[in-house]
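Below is one structure, written out as structure tokens, with a few remarks after it.
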Amino acid sequence: MSKLTISDQIRTLRKSKGLSQEALAENAGINLRTLQRIETGNAIPRGETLRLLARALDVSVQEMSAMIEAPAMVTEDDPGFLKLMSLSALSFWFIPFGNILLPLAFWILKKNKINGVAELGKRIVNFQIIWSLFTYGLAAFLILPVLFGQIFVNPLIMMPVMLLLYIANTVYIIVATKKITRNESELYAQI
């Protein structure tokens, strides 16, 4: 058999056996509406439905399974979404760990729907995790001794260092977003 979709194959097999949709649905023991949805490509037969149709059409389940093609992923280009996902990392100024959580949410929601989101989202999240571990780890390293009455670093020095790390991340995010606007391939460093 030629490589057709499962809906085309079932319709072709049904017609070659001289069966109406009603007759095939009855012979297979499935709902007529289910068969109509399968033949129009709005549903893919699986499990018991696939077995019943194969038996009614006098073909093996393996032959029917081989006919099933995974639906093609339709992706679109949306540079605006890529920019939004990149800029969402700036939320660390207002939401603790927002620089990880927001890009992660955008990545999960659109990684298979918009071109470039899968790779860019991975890079953003990886970079922001490393930045957060370094920044908050440094803060913990400097603050914890103070709680035990030991001061290794003057807290007045720590605040400008933390502010500098925040500003550096902000600049990095803005530069990466501008690269998206210019459609440059290296948006975030490979980590």
Square roots of five times the Cα gyration tensor eigenvalues for region 79-189, Å: 32, 14, 10
Heavy-atom accessible surface of region 6-69: percent carbon and sulfur, 1.4 Å: 45
Global form of region 6-69, assessed from the alpha-carbon gyration tensor, a/c cut-off 1.5: rounded
Mean accessible surface per residue for the chain, computed with a 1.4 Å probe while every protein chain stays in place, in Å²: 61
Tensor-based shape of region 127-176 (alpha-carbon gyration tensor, a/c under 1.5 rounded, otherwise prolate or oblate): oblate
R0 of 41 Å, Cβ-Cβ distance Tyr166-Asp8: FRET efficiency to nearest 0.05: 0.10
Carbon + sulfur, % of accessible area of region 79-189 - ligands and nucleic acids excluded, 1.4 Å: 76
Computed helical MRE - 222 nm, the chain, DSSP H runs ≥ 4 contributing -39500 (n - 2.57), nearest 500: -21000 deg cm²/dmol
Of Ile114, Phe94, Ala168, farthest towards positive along the dipole that unit charges on Lys, Arg, Asp, Glu beta carbons give region 79-189: Ile114
Of Lys17/Lys113; Lys15/Lys111; Lys111/Lys178; Lys110/Lys178, those spanning more than 31 Å from alpha-carbon to alpha-carbon: Lys17/Lys113; Lys15/Lys111
Estimated distance in nm for a label pair at Met158 and Phe94, the labels positioned 7 Å out from Cα along Cα-to-Cβ: 2.7
Added length on full extension, which subtracts the Cα-Cα distance from 0.36 nm per residue, Arg182 to Asp58: 38.9 nm
Inter-probe distance in nm under a simple model that places probes 7 Å from Cα toward Cβ, at Ala105 and Ala139: 2.0
Quotient of Cα Rg and 2.2 N^0.38 Å for the chain, N being how many residues it contains: 1.73
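The values are calculated or read from the model by the stated rules, or taken from the named source; none is laboratory data. In this text the structure is predicted, and so the values were computed from the model without any measurement. Every residue, glycine as well, gets a Cβ built from its backbone with ideal geometry; the counts of neighbours run over all protein chains shown. Surface areas here come from the heavy atoms of the whole protein model, side chains and all, with no ligands, DNA or RNA. Shrake-Rupley method; radii C 1.70, N 1.55, O 1.52, S 1.80 Å.
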